[in-house]
Amino acid sequence: MDEKTRQEIEAQVFRKLVDHLRAHPEVQNLDLMNLAYFCRNCLSKWYAGAAAEAGVTLDYDEAREIVYGMPYAEYKQRHQREATPEQLEKFAVAEQKATP
């Protein structure tokens, strides 16, 4: 597979992942972190980082709006639940695994 085709396929897969996450806001970021060591915020950071590498000015909040499909504050108000003590305990472990 040539590089251009690979990048186009990867871009399509990323868009499907973002669409899937947008369609399932009941899956909390904390749940994603605790299970997979990444979340919507991680994707946003990676997106902003990739934009910077490409010479594109895009801050973290702009990247989060792309990933969440709305301003982060609005998403939090609509969808984010209070974390349980058990979730926070698991998160402390997951956060260490997520950080290289």
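The values are calculated or read from the model by the stated rules, or taken from the named source; none is laboratory data. This is a predicted model, so every value here is computed, not measured. Virtual Cβ from ideal backbone geometry, glycine too; neighbours counted across all protein chains shown.
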Total residues in region 75-87, condition in contact with a helix residue (DSSP H, G or I) (Cβ under 8 Å, 6 or more places away or on another chain) and either among the aromatic types (Phe, Trp, Tyr) or assigned to a helix (DSSP H, G or I) (or both): 2
Residue that is nearest to the chain's Cα centre (by Cα) [pool: residues in region 55-74 that are among the charged types (D, E, K, R) and in a helix (DSSP H, G or I)]: Arg64
Whichever residue in region 71-85 is surrounded by 14 or more Cβ atoms within 10 Å (Cβ to Cβ) and modelled with pLDDT of 95 or more and, among such residues, is nearest to Glu26 (Cα to Cα): His79
Residue among Ala94, Ala52 that is more than 18 Å from Arg15 (Cβ to Cβ) and free of Cβ contacts under 8 Å to residues at least 12 places away in the same chain: Ala52
Counted residues, region 1-50 - those being surrounded by 12 or more Cβ atoms within 10 Å (Cβ to Cβ) and either touching a Pro at 6+ places or on another chain (Cβ under 9 Å) or assigned to a loop (DSSP other than H, G, I, E, B) (or both): 6
